[in-house]
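A quick write-up on the structure given underneath.
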């Protein structure tokens, strides 16, 4: 068992409930939360269970308190909504509240050896030494935290399924069921990442999805799994991607592969989530015809309408891989007859490793506005959690988890409103001015990070080994399909109809926006276009000058952040880690600024118009 | 215990001696070798032991055989010399033979977890699971192989001493003594890499070399160690380098640190080998005043004459770190009052990972000719051995171990003679023409590798993660002090008096040779000079054209090697691995050619004068 730590309460406030005693149902959990919250306060609450309401709830203010009406999990969400609103001083939600998406999933990339792939908050909360290993009180606290913002599915193991995680749906089923039971009272269901080739592991000579023995194997296996965990949310699959097995091994389509698995899950009400993160990860850098951002659309678009109704195609927000800035994936706009899930990433893989501050809500607002809430049927995010006492390494990274819950419930959510509520819940002693300071800092944190890292949508200037810190040519001659092709004259890739044609994957409005460098948004300019350093931006600056300016500005803003944070009265538990990481962020920003400026200076030979230091 | 494998006999020929029965003394070993060799042959041999001769021997041909006179290990060396000469058809050594250096050491970078740092031939032959773990028959075979070419010291553990290797001179002493006993009959003594901070590990509050308690601790420890292993060769130390502890922690000089340890070893006849591989591994790339090649000379030159007489300063052949081409380290030329050891590296860390063919004797000839045999008092090489059945991964890499023994014994050795002897011993069925083919291929293999990798002495264009394959800017913005500073106009670092001043560390003859680009040897041109791409080389070509030409040529030569190898009748055990690795080498050469050419084309904008393909 993992050692108990002195847990950070995150946005839930200091111990208003004894987390050591797990509830047995969401209803009981709701009762306890309300009981504990109102214990020292005036007012009474009543819960009215209306099972037909499911996850929905309504809060009715009464003369001496509140009545919360809701379904089995709805009452719990209502209780937390009430408590959050009262603690944060926010308006109460009016009328019936229901989540926009039934599947609001946290994807944990936890390996059974205890590591977390792209984890920046310590080791796994539930795996160690190739076994389940956890503090039940901590899992209870986790369930409570997820429920408090409406996250209802936890996929507990890495999509890259490594030994012995295949056995989560085999020999480890009893332990998996025990784990599921800990989260069930918090209305959090489990999902499991599976290995497409599992039947071969079990002795079959094939995993061909059209082989009747394979289909029968999965039907039988699904029955066993659902016998142990009747409310399992389903299976998550990464297939034919980055060396994972998949249907292509057998000459089958991804629809054939996914549908076979979906058939096995359907009798049990399970969903089959199929990740669309598929591309050629052995690209020859010499090959300029192949363009990685085109890959997923080229593969899946022809399959639109071919997936079974309980298949969900999970698509990363951009066509690359969680870069700081990407255009929205055209797949999200081009699969009208397929149930899509939008995949976000809370883990700050390319966005600062939970050292640099990167609040994601403004980014999600842009993505959701472009995609439109109706196009997707589910939402998922790669977890930023780990065994650190504060859950997320940097206390501010909690905001991303909190906000993910809010956006998954209500994709129209306002980033600043959500951020301010999180600040009030997390740092209740802050004055209005202090809240303003932190809210402004967080709201612009992504733009600051963007400015001092890869310029104007170029992506992939990060160190390949770690995905932290600058390495402008680090990916340039590798096999990942991630190039900037900077030379002495120009930089960027032409993705217009004259180039790789990627822009043609977009609907007309976006296509015509992106197609011309004159109309393409600045922040995506070098994603879509190859331009000479002397290119005139709309504001009259040259491209190279804009690159320099952004990097000087971004770094100066990081330095300003450091000064602003010094003015804020963070509690002791947070203040040291915030200060230490801010110092590291400033170092990182300076390194990015100087490396990127030098890189482009060496190619372009253009001096800075303002005479600032660019190292030769 | 490690599993016994079907061992590759290397240059010793097919099993003319049952290696499963270890001898008890070098004399007995010599008797057995001769007995087995002459068993099916005409002629008799006699051994005459003259203990005063030590390692020396003389072979006297008689009417019906040979008389070998020698010291305790000399008789063994004489026996092997006779057998090698007869098997290879080489002339017998005439008169008294004695090694040029008393210390001819193989440095093994074996970790106790079973890995070998920069090992390309499998896991450790004697460590696994943080313990000793070996097949005694294989260690016996290893001792025989080392003795057959006169290597007389084996440092068994990595200079980066990681848990629990500190205990080799502590709790693990009994096992260390058992291991030493296996090699003793082959006249191979052990050396141990130690951790300078070991007294702190043992409970002292300091490892300050001038603290009498620390000196006493080491004296006591040395006594314990020598009680267990009376013929231990000594200790090897990597201090104040790449995060290792050392005297600088306590404000002491390296002479103070080394002498304290040497004092502890002196009563027992042990040597203290101190590695001079010390530099700032946290350099700021912006800092153009600091120049890593200057570091060792700057640090050690002022200490010349300050080291105790049983201290040996072990210096890598170049001022960087085992690059394909470096000028000789000026430290080797500038420490007349210090016992120096020349450190070579058989492990092909930067020279092809024992995939690409890289025969080192021609390189060593150059180094030894520049240094002069009298300047050094010992010679060491980082091992290329591992658990692979053929010992070295690539069968040709055995040549480097064989030749190291020859050069350590006789630093005047001729590379081609040594290479041809190795071929005859290893592939006795080859015809004279086949021997010629392979000898020519091996003799030019370093130049081929050099041509398709980093140009003209630039160094460090290799992938930082692996040290294999091209990444021209991979080290450029890192902290290792390893930059090429390529830009749109020029490339290289000015190390003349006008630049970093590194050239001033050389004696006058070399200084004036290197100082002017007009006289500097082509292969070191960009090591010493920063030059524009249009620079005219002595042969009239521009610098950029020479870079292109070299890369096209080097790759074409690798392709030609592949065809040549197909003509040679390698035995089955070797032919597959040689063919597979040659195919990988050709791939590697093409990747290097195209990446380096494209890199410089993107900077220079210069087309190839011969119109060959350079990818944009």
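The values are calculated or read from the model by the stated rules, or taken from the named source; none is laboratory data. Since the structure is predicted, the reported quantities are computational estimates derived from the model, not experimental observations. Neighbour counts run over all protein chains shown; Cβ positions are idealised from the backbone, glycine included.
Filtering the range B:147-164 to residues that are over 22 Å from residue B:312 (Cα atoms) and buried (at least 23 other Cβ atoms within 10 Å of the Cβ) leaves B:147, B:148, B:149. Within the range B:477-486, the set of residues being touching a helix residue (DSSP H, G or I) at 6+ places or on another chain (Cβ under 6 Å) and within 17 Å of residue B:287 (Cβ to Cβ) comprises B:477, B:481. Screening residue B:584 with (1) in a helix (DSSP H, G or I); (2) under 20 Å from residue B:294 (Cβ atoms) gives one miss only, at (2). Only residues that are away from chain B (no Cβ under 14 Å) and in contact with a helix residue (DSSP H, G or I) (Cβ under 9 Å, 6 or more places away or on another chain) were counted in the range A:487-506, giving 10. Of all residues in the range B:2-53, those being modelled with pLDDT of 90 or more, surrounded by 16 or more Cβ atoms within 10 Å (Cβ to Cβ) and not in a helix (DSSP H, G or I) number 5. Test residue B:365 against the criterion of being at pLDDT below 95, under 19 Å from residue B:99 (Cα atoms) and touching a helix residue (DSSP H, G or I) at 6+ places or on another chain (Cβ under 9 Å), and give yes or no. No: the conditions fail for residue B:365. Within the range A:96-103, is even one residue farther than 26 Å from residue A:383 by Cβ and not assigned by TED's automatic domain parsing to the domain that holds residue A:374? Yes, the range A:96-103 contains a residue that is farther than 26 Å from residue A:383 by Cβ and not assigned by TED's automatic domain parsing to the domain that holds residue A:374.
For every residue, the table says whether it meets (1) over 30 Å from residue A:424 (Cβ atoms); (2) surrounded by 13 or more Cβ atoms within 10 Å (Cβ to Cβ); (3) within 14 Å of chain B (Cβ to nearest Cβ).
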{"site": "A:563", "(1), (2), (3)": "no, no, no"}
{"site": "A:578", "(1), (2), (3)": "no, yes, no"}
{"site": "A:581", "(1), (2), (3)": "no, yes, no"}
{"site": "A:597", "(1), (2), (3)": "yes, yes, yes"}
{"site": "A:616", "(1), (2), (3)": "yes, no, yes"}
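Checking B:82, B:125 one by one, the residue that is farther than 24 Å from residue B:394 by Cβ, surrounded by 24 or more Cβ atoms within 10 Å (Cβ to Cβ) and in contact (Cβ under 8 Å) with a residue 40 or more places away in the chain is B:82 and no other. Number of residues in the range A:583-595 that are in contact with a helix residue (DSSP H, G or I) (Cβ under 8 Å, 6 or more places away or on another chain), in contact (Cβ under 8 Å) with a residue 60 or more places away in the chain and either away from every other protein chain (no Cβ under 14 Å) or surrounded by fewer than 18 Cβ atoms within 10 Å (Cβ to Cβ) (or both) equals 2. If the condition is being in a helix (DSSP H, G or I), touching a residue at least 40 places away in the same chain (Cβ under 8 Å) and over 26 Å from residue A:118 (Cα atoms), then the range A:302-340 contributes A:303, A:333. Screening the range A:456-474 for residues that are in contact with a strand residue (DSSP E or B) (Cβ under 8 Å, 6 or more places away or on another chain) and at the interface with chain B (Cβ under 10 Å from one of its Cβ atoms) and picking the one that is surrounded by the fewest Cβ atoms within 10 Å (Cβ to Cβ) gives A:463. Just one of the listed residues (B:390, B:384) is surrounded by fewer than 24 Cβ atoms within 10 Å (Cβ to Cβ) and assigned to a loop (DSSP other than H, G, I, E, B), and it is B:390.
Residues that are within 30 Å of residue A:615 (Cα to Cα), away from every other protein chain (no Cβ under 14 Å) and crowded, with 17+ Cβ neighbours inside 10 Å within the range B:247-306 comprise B:277, B:278, B:279, B:291, B:292, B:293, B:294, B:295, B:296, B:297, B:299, listed in sequence order.
Residue count for the range A:270-301 satisfying the condition of being part of a loop (DSSP other than H, G, I, E, B) and touching a residue at least 40 places away in the same chain (Cβ under 8 Å): 14. For residue B:356, the conditions (1) touching a strand residue (DSSP E or B) at 6+ places or on another chain (Cβ under 9 Å); (2) assigned to a loop (DSSP other than H, G, I, E, B); (3) under 30 Å from residue B:135 (Cα atoms) all hold with the exception of (1).
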